[in-house]
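These notes concern the structure reproduced below.
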Amino acid sequence: MLDLTLIKQNGGTYIDSREVALAIGKRHDHLLRDIGNYLDVIDKFIAPNFGGYDFFLESSYSDLKGRARLCYLVSKMGCEMVANRLTGERGIMFTAAYVAKFNEMEASERESEIKARAKPRLGEFNSAVRNVLSGMAYCITAPARVMGFLRKAYEPFGIEVLADGTCDRNFFTVTEIAEKLGLYSETGRPHGHAVSAIISKFDIPANHAVAIPYGLVGVSIRYDRLVIKTVAGWIHKCGFPSEVPYNGFDYHVYYNREAPFYHDGEYFVS
């Protein structure tokens, strides 16, 4: 089967008209002429809110002499329009190739979307883990089994579970991060909840966070300096917001200009 290449551009997915021409055994200039005719008809007879760009997106490429040449990016509907004029084996092969390729992409995007929706937020997941740990403590579960549960639970997040004594000082709790960045609550304490809310807005790369159990009833997530930089970047990009929303609740934040990483409205995290 033909192996077509999909191109993502302007929020759409397309196949280069040169590749379409090769797949259907037609000269590219002849295909451009056909597409021009299609666009004339579309612009003349089809509703304005359903324009030719839904089928063909004008583009260009450089020829061997470096000159700009016209080509089109052909959408799935554009491929259907081209395929409808084809007969014989080439038409069948092209139809099978573009349908398979677009369906494969759409299935992959659906799967990614489902996985993203299925993956819980880390803060919510921590609460569930603490409930399980409480049950284990009630049943007097052996520490080794508790550690085994935690390692398996946090594995999908790329978070390693360590004993407290094995964690070096390059990892920080959300309260420590809040203190370093100067995020404080109304009570004047470092606002760890606000930091957690900010962290929940992006995915933590693997190996940039660790989980530390305390006793048999809780677990603390600690983050490295990359995460601190990401939190600082979000705050700076959002203009040092006075409220950080999370799950329908707004955390009120006050900024301390004397914090270690806060200087004149910007953050510097070495």
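See the values below:
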read-out: Some residue of region 72-86 being aromatic (Phe, Trp, Tyr), closer than 22 Å to Met105 by Cα and touching a residue at least 40 places away in the same chain (Cβ under 8 Å); value: yes
read-out: Selection from region 218-245 of residues that are in contact with a His (Cβ under 8 Å, 6 or more places away or on another chain) and of a type outside the set (A, V, I, L, M, F, W, C); value: Tyr223, Asp224, Ser242, Glu243
read-out: Criterion (open to solvent by 40 Å² or more (accessible area, probe 1.4 Å), modelled with pLDDT of 90 or more and in a helix (DSSP H, G or I)) met by exactly one of Val41, Val99; value: Val99
read-out: Lone qualifier among His208, His191 - being over 16 Å from Pro260 (Cα atoms), open to solvent by 10 Å² or more (accessible area, probe 1.4 Å) and not hydrophobic (A, V, I, L, M, F, W, C); value: His208
read-out: 3 or more residues modelled with pLDDT of 90 or more and small (Gly, Ala, Ser): qualifying strands (runs of 3 or more DSSP E) within region 205-270; value: none
read-out: Residue in region 72-79 that is assigned to a loop (DSSP other than H, G, I, E, B) and among the hydrophobic types (A, V, I, L, M, F, W, C) present; value: no
read-out: Selection within region 1-37 - farther than 12 Å from Ser75 by Cβ, of a type outside the set (A, V, I, L, M, F, W, C) and assigned to a helix (DSSP H, G or I); value: Arg18, Glu19, His28, Asp29, His30, Arg33, Asp34, Gly36, Asn37
read-out: Per-region count, region 7-37, residues open to solvent by 20 Å² or more (accessible area, probe 1.4 Å) and touching a helix residue (DSSP H, G or I) at 6+ places or on another chain (Cβ under 6 Å); value: 3
read-out: Failed condition for Ser200, given (1) farther than 30 Å from Pro143 by Cα; (2) touching a residue at least 40 places away in the same chain (Cβ under 8 Å); (3) in contact with a Gly (Cβ under 7 Å, 6 or more places away or on another chain); (4) not basic (Lys, Arg); value: (1)
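The values are calculated or read from the model by the stated rules, or taken from the named source; none is laboratory data. On a predicted model such as this, the values are computed, not experimentally measured, just so you know. Using ideal geometry, Cβ is built from the backbone for each residue, glycine included, and neighbour counts are taken over all protein chains shown. In case anyone asks, the SASA skips ligands and DNA or RNA and just uses the protein heavy atoms, side chains included. Shrake-Rupley method; radii C 1.70, N 1.55, O 1.52, S 1.80 Å.
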